[in-house]
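What follows draws every value from the coordinates through simple rules; no lab data is involved. No experiment lies behind these values; they were computed from the predicted model shown. Glycine also receives a Cβ, built like all others from the backbone with ideal geometry; neighbour counts cover every protein chain displayed.
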Amino acid sequence: MRYIFLILLTGIYFSLFSQHPGGMTGMQTPEGIIYGSVFEKIKGEPVEYANIVVYSHRDSSIVTGAITDKNGTFRIDNVNYGRFFVEIQFIGFGKHTIPEIIIKPDNKIVDLGRIEIELSAEMLDEVRIEATVDRVEYRLDRRIVNVSQDLSAAGGTAVDALQNVPGVQVDIEDNVSIRGTQSFLVLIDGRPSPVQGSEALQQIPANSIESIEIITNPSARYDAEGVGGIINVIMKRDRKPGYNAQVTANYGSFNSYGGDFLVNIRKEKLNFFIGGNYNENIYRGSGHEDRRNYLPGDTTTFYLTTKNDREMIRNSGAYRIGLDYNISESDIITITGRYNTNVFGRSLNSTAAGYMLNKNEGIPFNEYNYITNNNSKTNWGYYSGDFNYLKKFLKPGHELQVYFSYAENFSDKNTWFSEEEIGFLLEPSGIIDSTRTIDTGSGNEIIAKADYEIPLFENSKLEAGYQIRMSEIGNDYKYQKLSITDDWNTINFNPYNFLQNIQSGYMVFSNTGDKIGYMLGLRTEYTDRLFKQTLTSEEWAYNDFDFFPSMHLSYKLPKDIQVMASYSRRLQRPRPWNLDPFIDVVDPNNVRRGNPLLEPEYTNSMELNLQKRFNTNFISFETYYRHTTNKIERFIEIDSVNPEIFVSTFKNIGESFAAGSELTANLNITKWWNFNISGSAFYYEIVDINNAFSWTSRLNNTFRIFNKGTSIQLSGFYFGRSIRAQGEMKPMYMINAGIRQDFFDRKLSLNFNVRDVFRTMGHEMIFETDEFYSYTNISITSPTFRLSLTYNINDFTPRRERQVEIGVGRVDESL
């Protein structure tokens, strides 16, 4: 580890004592400072990577320069006394010139203020400014999904908005993965969500989202959790003075319905906002499974065939309220509260036929046919509150931020199973078994952190922070059977407690020059974990101290080509249900059991990204390599007592490698037609277990008829074969369509979309080992439709504000 510190110290040393690119004249000590910020004039958003060039007024020679950071700000130190002019340039925008600035002893510091740049004439010839932003924007270090531009996501959730984004995969059950892994950190407005993973994204309505940032290789300022990276959901909030609001209602297939609202009131130093939503989404489909369990002795096989019809109902309600208060220009307080409640119901009606077969005798025995009714209902949710204080010091970029949050969650899940034997003519002949499970739990989480940022010298800064994250979860589980006297007898009782304390600190040093920029970081995290089975008093503890370095390098090539290389180390910690060693009944043929000895999964990730812009068009080429150790994988085993039952558990199975490339082109064919296409090819190997080469592709067409206020979108994707430790998932593809019509100068919008137009989306998996073979095919009832209506009051226009990194994400800074 001493080599990592040596690299960091060496980089800081050479940056501190490097010579100013413009040099010094004679014995004069350069003391001038030039600073400011650059924004897009139309959208009011900060411009990152804009070039600031300072020229001598005498001979127009280049004196020095800088590149804007993620907040659009820049600072140039050590400027000689004299007369200069400044040019601001960015790809696709017109050149902005400040004709004269003077640096002298009584005017050493020059504040250029807020500089607004406009689209170039070439861009105006290609695309009308009234047109909205692209559905997906690409930065060197992240992708930004502008949710309002995805017509197929209107009335849906964050999952729907991610379905056609390069590098992201969504399966038939709305499970999200980034480059093949479902391990990622979910942030809401730059702060950790109390609920993580796909569940967090499934409950956020798309209409409430301004944008979604996908960061696949975060720096050390971010939490190390999530080997796939970070998904940061930016919620809508308007910043215009006065009162404004947005109201949306939607209706869809199977009587799905919902609505949401958002109100903003801004007056002088205070900005108040309140929003809420309620949605009931219904999904229907069917499934089929063929299973063979090879019993010990290599002579007898258990055969099982099931067919089912399924319906899922997801009710979700979420409410948020908050305010921003500018105590002064340098002191800002933000307070936010959230409440979320969900009800998830599942109904699964199956017919099954099973029998044993001895290969020597060839005659089936122990034959049975039955009907299974599996119904479950889960009530869960959370409430949370957070406080953020930002202190800005006199020196630009010198800031301190303090953040605190508290969240409590709750859950109550009930599942009922009943089996009826099928008699002559396939008629039910009576209930043979009735069981149920009761699973209740609650928990809380506290996060406290402080972040400090200070400019050191020209275009360089140092960031440091410390965080404490403590969580506790308690859970009770009961498995019961119905007796002949109609009493529920408890067969299995499993209460447990889970405690986790994570303390972390980080330091990041960055420097940007005319063409080259770099950022070096190191994060440390201490994990103290305890899983306790309260019935037996058994305990499993885990303690570890880890280091997570990161490095980002950027270089600007000629002809508007930008390159970034990055490296980061991340981890995935086991969840409580991954650790619980006691049996959890899923259905009569499947049970789940955790592994209390699981250790975290670690990933070293490297990326090399390149972008080339042509006016309003661009091409992006990305390559990545990921090496994972202690990989956590779901494993299926045959129960030793009842060989007809599958036991699902988790193991650290060793190493895996993933390497691939992604090519994306965004082309404005005409003023009214945007064409976006992407493809990726990758190789994935679970060492000594399984490997595969696969590919994905996506296509998105958006047509806009400006004078009619009409937008039409056709999109589709193809996901190639993917592998698991014990099997594979077959390819899948889907085509979606949407249309939006704006009325009354875009105050009212009507959106209609159709998903899975050609009924192709499905979930087809094969698991196979020496002990069993399983083939599963699940399909959804499609196509489905959704109609949504949005009304904006007082010209509600959500916009991204300048944000400040807080280590785990970014939060709004200014009113």
### Task
Compute the relative contact order of the chain as a whole-number percentage, counting only Cα pairs closer than 8 Å that sit 6 or more residues apart in sequence.
11 percent
### Task
Return the long-range amide H neighbours of F618 (sequence gap of 5 or more, or a different chain), with a cut-off of under 5 Å between placed amide H atoms.
N666
#### Entry: Reach of K671 by Cα under 20 Å, taken over lysines that are not fewer than 8 positions away in the same chain
K43, K708
### Task
Any chance you could list P(r) for the chain, counting all Cα-Cα pairs in 20 angstrom bins from zero, rounded to whole %?
14, 46, 31, 8, 1, 0
### Message
For the range 282-354, what does the relative contact order come out to in percent, with C-alpha contacts under 8 Å and a separation of six or more?
### Response
34 percent
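With only Lys, Arg, Asp and Glu charged, each at its Cβ (+1 for the first two, -1 for the last two), find how big the charge dipole of the range 300-449 is about the Cα centre; round to the nearest 20 debye.
Using only the charged Cβ atoms, the result is roughly 640 debye.
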### Task
Would you please classify the overall shape of the range 220-311 from the alpha carbon gyration tensor, given that a ≥ b ≥ c denote the square roots of the eigenvalues, rounded means a/c under 1.5, and beyond that prolate means a/b larger than b/c while oblate covers the rest?
oblate
### Query
For the range 443-595, what's the relative contact order in percent, using C-alpha pairs closer than 8 Å and at least 6 residues apart?
16 percent
### Query
What shape does the range 620-701 have by the C-alpha gyration tensor, where a ≥ b ≥ c are the square roots of the eigenvalues, rounded means a/c under 1.5, and otherwise prolate means a/b greater than b/c and oblate the rest?
prolate
### Query
³J(HN,Hα) across the range 309-319 via Karplus (A = 6.51, B = -1.76, C = 1.60, θ = phi - 60°), whole Hz, x for Gly/Pro?
10, 9, 9, 10, 10, 10, 9, 9, x, 9, 9
### Quotient of C-alpha Rg and 2.2 N^0.38 Å, computed over the range 309-412
2.18
### Task
Would you please put 193-205, 52-64, 649-661 in order of how densely packed they are, using the mean number of other Cβ atoms within 10 angstrom per residue and starting with the highest?
193-205, 649-661, 52-64
### Query
Along the range 735-752, what does the Karplus equation 6.51 cos²θ - 1.76 cosθ + 1.60 (θ = phi - 60°) give for ³J(HN,Hα), rounded to whole Hz, x for Gly and Pro?
10, 10, 9, x, 9, 10, 10, 9, 10, 6, 6, 6, 6, 10, 10, 10, 10, 10
### Query
D for the range 482-553, whole µm²/s, Stokes-Einstein with Kirkwood Rh over alpha-carbon pairs at 4 °C and 1.567 mPa s: what number?
77 µm²/s
### Query
Order of 160-173, 682-695 by packing, highest average Cβ count within 10 Å first?
160-173, 682-695
### Message
Students often check this: by mean Cβ neighbours within 10 Å, which of 384-392, 348-356 ranks highest, and how do the rest follow?
### Response
384-392, 348-356
### Dipole of the chain, positive end: most advanced residue of H96, G465, T784 [Cβ charges, Cα centre]
H96
### Task
Apply the Karplus parameterisation 6.51 cos²θ - 1.76 cosθ + 1.60, with θ equal to phi minus 60°, to every residue of the range 261-276 and state each ³J(HN,Hα) to the nearest whole Hz, in sequence, with x for glycine and proline.
8, 8, 10, 10, 10, 10, 9, 6, 8, 10, 10, 10, 9, 8, x, x
#### Entry: Selection from I209, V195, S694, by position along the positive dipole direction of the chain (Cβ)
I209
### Summary
The simple spin-label model distance between N630 and L748, using points 7 Å out along Cα→Cβ, in nm, is 5.8 nm
#### Entry: q = 0.09, 0.23 Å⁻¹: log10 I(q)/I(0) that the Debye formula gives for the range 676-800, counting C-alpha atoms only
-0.44, -1.29
### Query
Can you list the lysines whose alpha carbon sits under 30 Å from that of K532, skipping same-chain ones fewer than 8 residues off?
K377, K413, K449, K478, K481, K631, K651
### Query
Using a simple charge model, +1 on the beta-carbon of Lys and Arg, -1 on the beta-carbon of Asp and Glu, nothing else, what dipole does the chain show about its Cα centre, in debye to the nearest 20?
2480 debye
### Query
Does anyone have the angle between helix 2-16 and the longest principal axis of the chain? Alpha-carbon axes, 0 to 90°, nearest 10?
20 degrees
### Task
Please give, to one decimal in nm, the separation of the simple spin-label points placed at F657 and E173, each 7 Å out from Cα toward the Cβ.
3.1 nm
#### Entry: Helix-only mean residue ellipticity at 222 nm for the chain, each DSSP H run of n ≥ 4 adding -39500 (n - 2.57), per residue, nearest 500
-1000 deg cm²/dmol
### Message
Under 5 Å between amide hydrogens, which residues at least 5 positions from R786 or on another chain qualify, with H placed 1.01 Å from N in the peptide plane?
### Response
N753
